[in-house]
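Data block below; observations after.
The values are calculated or read from the model by the stated rules, or taken from the named source; none is laboratory data. Values in this document were obtained by computation on a predicted structure and should not be read as measured data. Here the Cβ positions follow ideal geometry from the backbone for every residue, glycine too, while neighbour counts run over all protein chains shown.
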Amino acid sequence: MHIVHVFVHVKPGHEADFERATLENAQASLTEPGVARFDVIRQQEDPARFVLVEVYRSPDAAAAHKETPHYARWRDTVAAWMAEPRSSVKYVNLHPDDAGW
């Protein structure tokens, strides 16, 4: 699995708009064959901070996601609402079965 955590800080007053647009993108993303999971998480202590947890079946699936119309629509819609550029960290899934135990 190819896992991406996207960290987003939204400008005050745009939290609800960002949440709505991002949940729409997440729902559409879940219809992609290469997407295993797409979670939208909002920080309790600072509701202007979000994390998108995107789980893809492969790095190619992550690249394909960025070519979809719903991703482009989301990217363009939320751009003006960002308090700072979003950042991401990529991970791989570790599983005990893969460790040879």
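Some points to look at:
- Matching residues in segment 51-65 - criterion: being assigned to a helix (DSSP H, G or I) and of a type in the set (A, V, I, L, M, F, W, C): Ala61, Ala62, Ala63, Ala64
- Of the residues in segment 1-24, none is over 12 Å from the mean Cα position of the chain (by Cα), among the polar types (S, T, N, Q) and farther than 17 Å from Lys90 by Cβ.
- Boolean, Ala28 is in contact with a helix residue (DSSP H, G or I) (Cβ under 9 Å, 6 or more places away or on another chain) and either closer than 27 Å to Pro96 by Cα or touching a residue at least 60 places away in the same chain (Cβ under 8 Å) (or both): no
- Across segment 80-101, the qualifying residues are those that are outside any loop (DSSP other than H, G, I, E, B) and farther than 15 Å from Leu52 by Cβ, and the one among them that is modelled with the lowest pLDDT is Ala99.
- Residues satisfying the stated conditions in segment 7-44, i.e. among the β-branched types (Val, Ile, Thr) and crowded, with 16+ Cβ neighbours inside 10 Å: Val8, Val10, Thr22, Val35, Val40
- Hey, Ser58 surrounded by fewer than 13 Cβ atoms within 10 Å (Cβ to Cβ) and in contact (Cβ under 8 Å) with a residue 40 or more places away in the chain or not: yes
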